[in-house]
1. Condition first: within 15 Å of the chain's Cα centre (by Cα), open to solvent by 50 Å² or more (accessible area, probe 1.4 Å) and among the polar types (S, T, N, Q). Can you find one or more residues in segment 98-115 that meet it?
2. Taking the stated definitions as given, is residue 57 in contact with a Phe, Trp or Tyr (Cβ under 6 Å, 6 or more places away or on another chain) and either more than 17 Å from residue 171 (Cβ to Cβ) or at pLDDT 95 or above (or both)?
3. Being closer than 22 Å to residue 36 by Cβ and in contact with a Cys (Cβ under 6 Å, 6 or more places away or on another chain) is true for just one of 126, 106, 120, 91. Which residue is that?
4. Can you name the residue in segment 147-161 that is of a type in the set (Lys, Arg) and part of a helix (DSSP H, G or I) and, of all such residues, is most open to solvent (accessible area, probe 1.4 Å)?
5. Taking the residues in segment 162-186 that are free of Cβ contacts under 8 Å to residues at least 12 places away in the same chain, assigned to a helix (DSSP H, G or I) and more than 15 Å from residue 76 (Cβ to Cβ) as candidates, determine which candidate is least open to solvent (accessible area, probe 1.4 Å).
6. Taking the stated definitions as given, is residue 83 touching a residue at least 24 places away in the same chain (Cβ under 8 Å) and more than 13 Å from the chain's Cα centre (by Cα)?
7. Kindly check whether there is at least one residue in segment 134-146 that is surrounded by fewer than 12 Cβ atoms within 10 Å (Cβ to Cβ) and within 25 Å of residue 26 (Cα to Cα).
Amino acid sequence: ATECLRSRRPRRKKRRAAASSRASALGPNVVPISERPAEALNGAPGHWEGDLIIGARNQSAALTLVERSSGFQLVYALPNGYQADLVIATLVRWVQTIPAEMCESLTWDRGSEMAHWEVLTSGWGLPVYFCDPHAPWQRPKNENSNRQLRFWFPKGTDLSRWTADELEAVAATLNSRPRKTLGWKTPAEALNEYLHPLQQ
């Protein structure tokens, strides 16, 4: 006999299609955030969190990255969309611009835009960790910085109209604000303290 709800309708099936399709987009080798090394939480430099800011009608986006220890923010334009191949190409360009010692890990949500994440691990030695399903708060630094970015890019903004230079200028503004958590240093100053010994 069919089990019924109080309304006498057949029991609803659990809605897992969206979650399973997301999991399949990322492949079977997804590394959960629970496996991220403890130093990522303890202030060691080089651990990053990333996400997308989505624009008007889901037609445009920008890619955001935050270095956890300093709060240093990067914003990259995605003028041609945010499909997985465009996102991974942007992330590869990013990896090529920073010292290997400052590229210890990347944490992301489980969006399908990261379908090609294994390129970063196999090709560039960058471990990528994924938040638990429906738990974007596990990337707190990036969530907070994205909220700050919404001052310039409120929901409904057509992000494709912002150039790469303009996005970089917005990030520079955030990176030049002193932070109490950094002893009133700016994120740029804090990151530079980590980078300076590497450049000698």
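1. From segment 98-115, those within 15 Å of the chain's Cα centre (by Cα) are 103-115; that's our starting set.
Narrowing the set further to residues that are open to solvent by 50 Å² or more (accessible area, probe 1.4 Å) leaves 104, 110, 112.
Within this subset, residues satisfying the condition of being among the polar types (S, T, N, Q) are 112.
Yes, segment 98-115 contains at least one residue that is within 15 Å of the chain's Cα centre (by Cα), open to solvent by 50 Å² or more (accessible area, probe 1.4 Å) and among the polar types (S, T, N, Q).
2. no
3. Numbers: 106 fails: in contact with a Cys (Cβ under 6 Å, 6 or more places away or on another chain); 120 fails: in contact with a Cys (Cβ under 6 Å, 6 or more places away or on another chain); 91 fails: in contact with a Cys (Cβ under 6 Å, 6 or more places away or on another chain).
Within the list 126, 106, 120, 91, the selection yields 126.
4. Once the filter is applied, the top-ranked residue is 161.
5. 173
6. yes
7. Scanning segment 134-146, I find at least one residue that is surrounded by fewer than 12 Cβ atoms within 10 Å (Cβ to Cβ) and within 25 Å of residue 26 (Cα to Cα), so the answer is yes.
The values are calculated or read from the model by the stated rules, or taken from the named source; none is laboratory data. For clarity, every value in this text was computed on a predicted model and none was experimentally measured. Note: ideal-geometry Cβ built from the backbone for every residue, glycine included; neighbour counts use all protein chains shown. Note: accessible area is taken over every heavy atom of the protein model, side chains too, but ligands, DNA and RNA are not part of it. Shrake-Rupley method; radii C 1.70, N 1.55, O 1.52, S 1.80 Å.
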